[in-house]
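The values are calculated or read from the model by the stated rules, or taken from the named source; none is laboratory data. It should be emphasised that the depicted structure is a prediction, and the values quoted were computed from it without experimental measurement. Every residue, glycine as well, gets a Cβ built from its backbone with ideal geometry; the counts of neighbours run over all protein chains shown.
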Amino acid sequence: MKALLPLIASSAIALSVAAADAKDLVRVAGNFAAEHASSLAMAKFEAELERLSGGEIDVNVFPAQQLGGAAENVQAVKIGAIELMWVGTAYLTRTVPELEVVGLPFQFQSREQAFAIVDGPVGAALDAKLANEGMTSMGYMELGFRHLTNNVRPIRTIDDIAGLKIRLQPNETHLATFRALGANPVAMDVKELYSALEQNVIDGQENPFAIINVAGYAEVQKNISNTGHFFDFISVAANRTWFDGLDAHKQAMVREAMATAVAYQRELAAEQDAAGLATLVGKGMVFTEVLPELAAALREKTAGVAADTKARLDPDLVKLLDAETAKLGM
């Protein structure tokens, strides 16, 4: 028995040290490639929070699906298996459908308009909805304008979209938009997308230029067009129980570090987006520009989708969105 005491004591010490470490450990999960602007921003968050806390808080960042796909990350944060995630907002819409209010087709003409909405009263209302589902919003980064690629034909008319089997995020508004355009949309986690394209299980996909580039989709897709049908956000969200359990000083440090990271990401994302198309064409993709006539036809064909989405969401939130977009002259 005496021989076991040192072992028991050392085990207890190890457990107490682990518990102490755990309360100051922040695990951050994402599905974006390590070189994507959002992953680089999370590396900045790690450095900034460790600096602000004097090393009292240890941050471990896991990009590129190291802790599972996007849907898995959402569930892990909800149940507290990890503390923080950065994920395309569309993956949260099945938990918080109201987030679809900022994912309507052809809703924004510029990233400045988009961020004015999520940084204002509409964003605050959405944050409250997230909180009700056990998540604390830490801000919105840029995923960007989404563009269509496929291996069947160039997109010159709406009829060219008809019949294409296109992978989309699991967002009802996004799926309805492509149904309205005559496509056959398929909801699929991003972790399955490359192989599905490579094996011709699907014809195409839609993503911002920067994502298409860093994910290597130019290797398995031929045609690309600047459809810009949605502007998409990346939600940064924490497990609410974990965040509320931090003392006020640590909460402030987490928020300050994340604000720095989000601002950095938005600037870098704009740079990556500007360079993205040229890079993809340089890799062999065939670019077909969306002419004004097609752009107008796409907007007209999907106008009913936006109306239907608004009709099934919280009327007060829709009213708030309409008031805020009116202020921006949208």
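The set of residues from the stretch 106-155 being in a helix (DSSP H, G or I) and closer than 17 Å to Asn207 by Cβ comprises Arg111, Ala114.
Could you list all residues from the stretch 181-206 that are polar (S, T, N, Q) and touching a Lys or Arg at 6+ places or on another chain (Cβ under 6 Å)? Walk me through it before giving the result.
Kept after step one, since they are polar (S, T, N, Q), are these residues of the stretch 181-206: 184, 195, 199-200, 205.
Across the stretch 181-206, the qualifying residues are Asn184, Gln205.
For the stretch 163-216, a residue qualifies if it is at pLDDT 95 or above, of a type outside the set (A, V, I, L, M, F, W, C) and under 15 Å from the mean Cα position of the chain (by Cα), and the qualifying residues are His174, Glu206, Asn207, Pro208.
In the stretch 244-293, which residue that is under 27 Å from Thr136 (Cβ atoms) and acidic (Asp, Glu) is farthest from the chain's Cα centre (by Cα)? Ranking the qualifying residues of the stretch 244-293, first place goes to Asp247.
For the stretch 134-141, state whether one or more residues are within 19 Å of the chain's Cα centre (by Cα), surrounded by fewer than 21 Cβ atoms within 10 Å (Cβ to Cβ), of a type outside the set (S, T, N, Q) and under 21 Å from Ala71 (Cα atoms). Yes, the stretch 134-141 contains a residue that is within 19 Å of the chain's Cα centre (by Cα), surrounded by fewer than 21 Cβ atoms within 10 Å (Cβ to Cβ), of a type outside the set (S, T, N, Q) and under 21 Å from Ala71 (Cα atoms).
Condition first: hydrophobic (A, V, I, L, M, F, W, C) and under 18 Å from Ala37 (Cα atoms). Now tell me which residues in the stretch 136-168 satisfy that.
Met138, Met141, Leu143, Phe145
Those residues that are over 18 Å from Phe32 (Cβ atoms) and not in a loop (DSSP other than H, G, I, E, B), I need them from the stretch 197-216; list them, please. Correct list: Glu198, Gly204. Just one of the listed residues (Asn60, Asn151, Asn73) is crowded, with 21+ Cβ neighbours inside 10 Å and either closer than 21 Å to Leu40 by Cα or touching an Asp or Glu at 6+ places or on another chain (Cβ under 9 Å) (or both), namely Asn73. When the criteria are applied in full, Glu300 meets the requirement of being free of Cβ contacts under 8 Å to residues at least 12 places away in the same chain and over 30 Å from Thr136 (Cβ atoms). One residue stands out among those in the stretch 59-98 that are closer than 13 Å to Asn239 by Cα and part of a strand (DSSP E or B): the one that is farthest from the chain's Cα centre (by Cα), which is Leu84.
Here is a yes/no grid of residues against (1) among the small types (Gly, Ala, Ser); (2) touching a Phe, Trp or Tyr at 6+ places or on another chain (Cβ under 6 Å):
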{"site": "His229", "(1), (2)": "no, no"}
{"site": "Ala237", "(1), (2)": "yes, no"}
{"site": "Ala259", "(1), (2)": "yes, no"}
{"site": "Glu271", "(1), (2)": "no, no"}
{"site": "Met285", "(1), (2)": "no, no"}
{"site": "Arg299", "(1), (2)": "no, yes"}
{"site": "Ala306", "(1), (2)": "yes, no"}
{"site": "Asp322", "(1), (2)": "no, no"}
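Elements of the type helices (runs of 4 or more DSSP H) sitting completely within the stretch 224-330 and holding at least 1 residues that are under 30 Å from Pro154 (Cβ atoms): these cover 248-282, 292-311. Under 23 Å from Val28 (Cβ atoms), in contact (Cβ under 8 Å) with a residue 24 or more places away in the chain and surrounded by fewer than 17 Cβ atoms within 10 Å (Cβ to Cβ), is that true of Ala131? In short, yes. Put simply, of Val286, Val318 the only residue that is closer than 30 Å to Gly216 by Cα and not hydroxyl-bearing (Ser, Thr, Tyr) is Val286.
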